[in-house]
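Following: one structure in structure tokens, then a few remarks.
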Amino acid sequence: MSLDYVKFTPGFGKFMPKEYRDMVEHGPFGKKTAVSQVGTFKEIMEEHPMCAGCAMTLFIRLAFIAFPNPEDTITVGTAGCGRLAISQAAVPFVYGNYGDQNGVASGLSRGLRLRFGDKPKDVVVMAGDGGMADIGFAQTLHSWFRKEKFTTIMLDNEVYGNTGGQESGMTNKGQVLKMAPLGKKFEKMDMLGMAKVAGCAYVATVVPNNPRRVESVIKKAILIAREVGPTYIQAYTSCNIEYAIPTDQVMQDAKDVENDRYKFQEYITDEAKEHLATLYGYKEYLPKPAAAVTKG
Amino acid sequence: MYLVANIDQEICAATSCKLCTQYCPEANTIQYDTEAGKDKGLKYGSAYVAVDRCKGCAQCVWVCDNMAKHKAIKMEMIDQIGDQALTPNITYQEKNTKAVLASPWQS
């Protein structure tokens with residue numbers, strides 16, 4: 001929660017593991033890091049127990065690189081695959097009871113604002129489609145209706161991957177899974193539509209197929225959530241185990257799904273545009289100058 | 001034995017796409033050495049794999065073959081690729097990383 005937290009007590013640095021020393025000395029804390037520099041600095045995420053080739057891990061890794069101030073960020077998660085990687089990072093992680101994550105984040109975000117005032121402290125919720133659209137659905141929607149200022153990221157793998165392949169609200173209609181042998185009978189939930197209706201200031205869909213877009217979307221969502229209102233990102237992060245995707249075809253699948261049903265969409269309110277333009281120098285959202293009159 | 005990614009530094013150092021570093025699902029696994037190719041007369045640095053962290057998913061192979069179209073990465077058996085970069089032998093610098101190659105069986 002503060003840069004001093006990660007630093008060594010003087011004289012004790014030599015007893016720390018190499019990975020920790022590297023992270024303090026060459027990590028992204030207190031610096032601006034970008035996806036394009038990856039591989040030349042120590043990332044805050046460490047080794048994790050998630051499956052080889054998991055697209056969700058790739059998304060979480062990119063998210064940690066994209067955090068504007070990782071030293072002033074808290075992540076909140078819940079049961080599901082995602083927390084196995086989110087908790088393996090040098091960012092405080094709060095484990096909400098199943099479905100509680102947006103309620104916990106509401107309290108955290110309000111408390112941090114009371115305690116630290118003007119200094120921005122970011123709260124980022126990262127949970128799966130089951131935790132967010134099924135079990136935590138009420139808390140998620142209510143946090144948006146209350147205009148709680150934090151970022152909600154759904155890691156949408158369209159299945160309960162951690163428990164053996166049950167259908168979730170975000171599974172596509174007709175999809176046959178190990179624990180849904182007759183195929184799902186209902187449509188995929190329109191969480192994007194609900195986020196807009198509930199008053200989110202920024203709503204976007206991404207696929208980890210495009211790391212720079214993931215970075216830009218997450219940066220915008222976190223910066224908008226500091227002042228304007230709730231923000232929501234829905235990321236397609238395939239489950240290569242339950243959907244039987246060979247690991248070297250995971251990015252091909254991400255590309256196919258992006259072209260099919262996960263096209264990049266971005267919804268941003270005028271207030272959020274103005275906030276990004278005036279406070280963080282986003283040139284594309286600056287008011288356009290009046291067209292110069294040219295004489296023919 | 002198991003497969004790990006192996007990057008052909010000669011092909012990699014002729015380009016500077018860095019795509020594999022961005023698409024690896026494991027953190028701190030595909031690292032980049034910005035000076036790797038320069039003493040061999042090549043233009044750019046090269047990516048390399050910390051083989052003790054590689055889980056062998058081969059996503060980087062797909063990205064290198066189909067997106068970058070360089071075909072510089074191959075999956076190889078860990079006991080047949082000789083000395084490789086390992087996490088304890090990687091040093092971080094201001095804007096670069098350097099690895100001293102060693103046998104994966106040493107530690």
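Every residue, every condition in (1) among the basic types (Lys, Arg); (2) without any contact (Cβ under 8 Å) to a residue 40 or more places away in the chain, yes or no:
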| site | (1), (2) |
| --- | --- |
| A:184 | yes, yes |
| A:187 | no, yes |
| A:192 | no, no |
| A:201 | no, no |
| A:227 | no, no |
| A:234 | no, no |
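With of a type in the set (A, V, I, L, M, F, W, C), touching a residue at least 60 places away in the same chain (Cβ under 8 Å) and buried (at least 21 other Cβ atoms within 10 Å of the Cβ) as the only criterion, which of B:50, B:58, B:72, B:27 stands out? Walk me through it before giving the result.
On the way: B:50 fails: touching a residue at least 60 places away in the same chain (Cβ under 8 Å); B:58 fails: touching a residue at least 60 places away in the same chain (Cβ under 8 Å); B:27 fails: touching a residue at least 60 places away in the same chain (Cβ under 8 Å).
Every option except B:72 fails the conditions.
Given A:129, A:72, A:118, which one is of a type in the set (Asp, Glu) and open to solvent by 20 Å² or more (accessible area, probe 1.4 Å)?
A:118
Of the set (1) part of a loop (DSSP other than H, G, I, E, B); (2) under 26 Å from residue B:65 (Cβ atoms); (3) more than 14 Å from every other protein chain (Cβ to nearest Cβ), all apply to residue A:259 but (1). The strands (runs of 3 or more DSSP E) falling completely within the range B:2-107 that include 1 or more residues that are within 23 Å of residue A:252 (Cβ to Cβ), of a type in the set (Val, Ile, Thr) and away from every other protein chain (no Cβ under 11 Å) map to B:3-7.
Taken over the range A:10-26, the criterion of being touching a helix residue (DSSP H, G or I) at 6+ places or on another chain (Cβ under 8 Å) and open to solvent by less than 40 Å² (accessible area, probe 1.4 Å) is satisfied by A:13, A:23, A:24.
Candidates A:111, A:107, A:131: the one that is in a helix (DSSP H, G or I), in contact (Cβ under 8 Å) with a residue 24 or more places away in the chain and more than 14 Å from chain B (Cβ to nearest Cβ) is A:131. Beta carbons closer than 6 Å, at least 6 apart along the sequence or on distinct chains, pair a first residue in the range A:24-37 that is within 10 Å of chain B (Cβ to nearest Cβ) and at pLDDT 90 or above with a second that is part of a helix (DSSP H, G or I) and open to solvent by 40 Å² or more (accessible area, probe 1.4 Å) for A:35/A:212.
If you check residue B:66 against the conditions, is it surrounded by fewer than 19 Cβ atoms within 10 Å (Cβ to Cβ) and without any contact (Cβ under 8 Å) to a residue 12 or more places away in the chain? The answer is yes for residue B:66.
Could you list all residues from the range A:91-102 that are open to solvent by less than 30 Å² (accessible area, probe 1.4 Å) and either part of a loop (DSSP other than H, G, I, E, B) or among the small types (Gly, Ala, Ser) (or both)? Spell out the reasoning first.
So the first thing to find is which residues in the range A:91-102 are open to solvent by less than 30 Å² (accessible area, probe 1.4 Å), and the list is A:91, A:96, A:99, A:101-102.
The answer is A:91, A:96, A:99.
Of these, A:254, A:292, A:277, which one is in contact with a strand residue (DSSP E or B) (Cβ under 9 Å, 6 or more places away or on another chain) and either modelled with pLDDT under 95 or assigned to a helix (DSSP H, G or I) (or both)? Steps first, please.
Values: A:292 fails: in contact with a strand residue (DSSP E or B) (Cβ under 9 Å, 6 or more places away or on another chain); A:277 fails: in contact with a strand residue (DSSP E or B) (Cβ under 9 Å, 6 or more places away or on another chain).
Result: A:254 is the single residue among A:254, A:292, A:277 that is in contact with a strand residue (DSSP E or B) (Cβ under 9 Å, 6 or more places away or on another chain) and either modelled with pLDDT under 95 or assigned to a helix (DSSP H, G or I) (or both).
The values are calculated or read from the model by the stated rules, or taken from the named source; none is laboratory data. Not measured: the values here are computed from a predicted model. Every residue, glycine as well, gets a Cβ built from its backbone with ideal geometry; the counts of neighbours run over all protein chains shown. Surface accessibility is based on the protein's heavy atoms, side chains included, excluding ligands, DNA and RNA. Shrake-Rupley method; radii C 1.70, N 1.55, O 1.52, S 1.80 Å.
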